[in-house]
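Right, one structure below, let's go through it.
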Amino acid sequence: MQRLTGFVAVLGLLFFMASCSTSKKTKTLGQPSTAVIAPTPIVEDTVIRLDTLIDSTKLQPSNLVNQLAPPLTPEENAWNMFRAGTNKAFDYAAAIHYDVRKPQFVIIHHTSQSSIAQTIRTFQLAHTKVSSHYVIGRDGRVVQMLNDYLRAWHAGRGSWGQITDMNSVSIGIELDNNGNEPFPESQIRSLMTLLDTLKTRYQIPQKNFIGHSDFAPGRKDDPSAFFPWERLAQRGFGIWYNPNALMPAPPNFNPMDALKLIGYDMSRPETVIRVFKQKFIKNDRTGVLTDYDKMVLYDLYRKFY
């Protein structure tokens with residue numbers, strides 16, 4: 001009798017719990033929806049990600065994708081690639097002699113766009129397939145977009161000496177400039193500071209600071225003739241001639257060989273001459289070397305090569 005009474009009590013308790021649960025569910029279902037995350041259309045996020053410029057803790061997610069799966073940073077992508085480079089099917093014994101990608105060149109560009117924001121957005125859109133390590137605004141604001149040790153997609157097709165894959169050995173710097181205007185003083189000062197840091201940190205030789213047009217003559221013309229290469233060379237970034245020490249080149253001096261020795265791809269000599277004159281002569285961009293042009297070239301040859 002006592003066992004039967006206990007069994008009945010258990011049944012009663014179970015019935016009470018089921019009733020309470022059903023009642024609560026019915027009440028909840030009868031109320032308006034109070035979802036924590038409201039349904040949001042999944043669309044391409046066209047908002048510039050400025051996580052390197054502002055406090056990321058204050059960012060508000062712009063869509064459901066960002067709330068659930070924030071995009072990976074370049075460093076996270078690089079780490080995933082690094083992990084994939086270890087083959088787990090084999091034994092592993094770590095070597096002790098190695099290093100990472102060491103930048104040997106700096107390539108200077110102008111953006112040919114209207115604002116630093118436009119350039120940053122261009123580098124964050126999947127279909128553009130272009131990037132750079134740094135972007136410097138007209139006001140001197142410096143934005144780093146890739147770690148120095150990562151390979152940016154900024155140089156493209158071209159050659160400099162024996163180097164054809166410049167992206168693998170260089171740092172790309174984009175200057176916010178449409179190509180038809182002088183470079184502001186604040187922008188050049190910031191560039192100088194950045195170049196000094198890069199040169200010291202990676203021991204980059206003075207000759208290895210070049211323009212995009214040097215590497216890809218005819219295909220690219222940046223930075224424009226407004227760019228102050230002479231001023232940079234005075235600080236040890238790139239080469240320049242001494243206007244007070246020019247002398248006629250000797251009869252056996254071959255200008256085409258000199259241009260090739262500097263690094264230019266001489267498959268299209270006239271194009272290279274135009275690029276050379278845009279950089280060093282400024283006011284004459286014809287495809288023929290004058291006597292003065294040859295003196296400039298000879299002075300560069302004597303000083304640096």
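Here are the numbers for the structure shown:
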{"item": "Enclosed volume per residue, in Å³, of the convex hull spanned by Cα atoms of region 93-221", "result": "135"}
{"item": "Local electrostatic count at TYR134 - Lys and Arg +1, Asp and Glu -1, tallied over other residues with Cβ under 10 Å", "result": "-2"}
{"item": "Within region 66-177, percent of DSSP bridges classed antiparallel, to nearest 5", "result": "30"}
{"item": "By accessible area with a 1.4 Å probe, ligands and nucleic acids excluded, highest first: order of MET166, MET145", "result": "MET145, MET166"}
{"item": "Global geometry of region 153-287, whether rounded, prolate or oblate, following the gyration tensor of its Cα atoms and the 1.5 cut on a/c", "result": "rounded"}
{"item": "Overall form of region 198-270 per C-alpha gyration tensor (a/c, 1.5; a/b vs b/c)", "result": "oblate"}
{"item": "Packing-based ranking, highest mean first, of 191-202, 246-257 given that Cβ atoms within 10 Å are counted", "result": "191-202, 246-257"}
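The values are calculated or read from the model by the stated rules, or taken from the named source; none is laboratory data. Model, not experiment: these values are computed from the prediction. Heads up, the Cβs are rebuilt from the backbone with ideal geometry, glycines too, and the neighbour counts pull from every protein chain shown. Only protein heavy atoms, including side chains, enter the accessible area calculation; ligands, DNA and RNA are left aside. Shrake-Rupley method; radii C 1.70, N 1.55, O 1.52, S 1.80 Å.
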